[in-house]
Amino acid sequence: MASGSAGGGESDFFVLVLGSDFATDAGAALLTPADHEEWHDCLPDLSEAEADACFSDLEELQVVRVQGADRAGRTIVRVVGKFFPAPVIDGERLKKYVFYKLRTELPEGPFCILYIHSTVQSDDNNPGMSILRTIYEELPPEYKERLQVFYFLHPGLRSRLAIATLGRLFLSGGLYWKIKYISRLEYLWGDIRKGVVEIPDFVVEHDKILEHRPLTDYGIEPDPLHLAGVPAVGYSLGRYENKWAPEDRWYSQNYM
């Protein structure tokens, strides 16, 4: 973060630059009061048929599913980030869809969110932190109290840094302290029994990659050229030395 001020009593300015796979949408911070009123419109009541037609594409993608319960008995809301087409679905529609799913499918009692971040790309799958903040802040107080844990599976280094540095600013304090990072599927089974919630195949494959290359968790690619998989050379210079002529062998012994 850099700061500076111009003379004559003018106010300070601040600039913060952060590269992240957990993108931050600064547009919401620049909205006018009128824009905020439009953004915070309540979700209109839709009939079941209207809702099915409105959200049929998102339902087919299975971005959000209510499925099973964790070991503490909390209903699981599974969110797969890779399935979300951020370039074509705006934040307002995402908000309405999430509210619709919670209102129509979530049973009474506490619940948790399992967010699967595996192989998420910020340009393709990330709606922006400010949109996520808006969705949480506009939840009725009852839902905020019932949401007890936010499981964050396969967080990248950049997403951890983004939440650590900007989380308290862009996320409500209540949500920020509910986040629990889960780096491997084997650790997830300590909170959610294996088989209770459906885990996509690509998530399992990504978990295997992380298991064999643990430094990837810290943003370090130990073998970017994948040289570890190249077979070793089967022959050495010494095996051919006996085939040389005696005069050639003398020179080889002097120069080796």
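No lab work stands behind these numbers, since they all come straight from the coordinates. The shown structure was predicted, so the numbers you read here are calculated from the model rather than taken from an experiment. Quick reminder, even Gly has a Cβ in these numbers, built from the backbone with ideal geometry, and neighbours come from all protein chains shown.
So the values come out like this:
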| read-out | value |
| --- | --- |
| Kirkwood-Stokes translational diffusion coefficient of segment 49-134, alpha-carbon pairs, 37 °C, 0.692 mPa s, µm²/s | 241 µm²/s |
| Ranked 159, 122, 56, criterion: other C-beta atoms within 10 Å, fewest first | 56, 122, 159 |
| Separation of the residue 157 and residue 194 label points, Cα + 7 Å toward Cβ, nm | 3.0 nm |
| 20 Å reach of a label modelled at residue 66, 7 Å along Cα-to-Cβ, counting backbone N of segment 126-161 | 135-151 |
| Segment 60-220 - Rg over Rh from alpha carbon coordinates, Kirkwood radius | 0.93 |
| Restraint check, 82/194; 95/178; 95/144; 101/194; 95/180, Cα-Cα greater than 18 Å | 82/194; 95/178; 101/194; 95/180 |
| Extension gain, residue 212 back to residue 108 (0.36 nm per residue minus Cα-Cα distance, nm) | 33.4 nm |
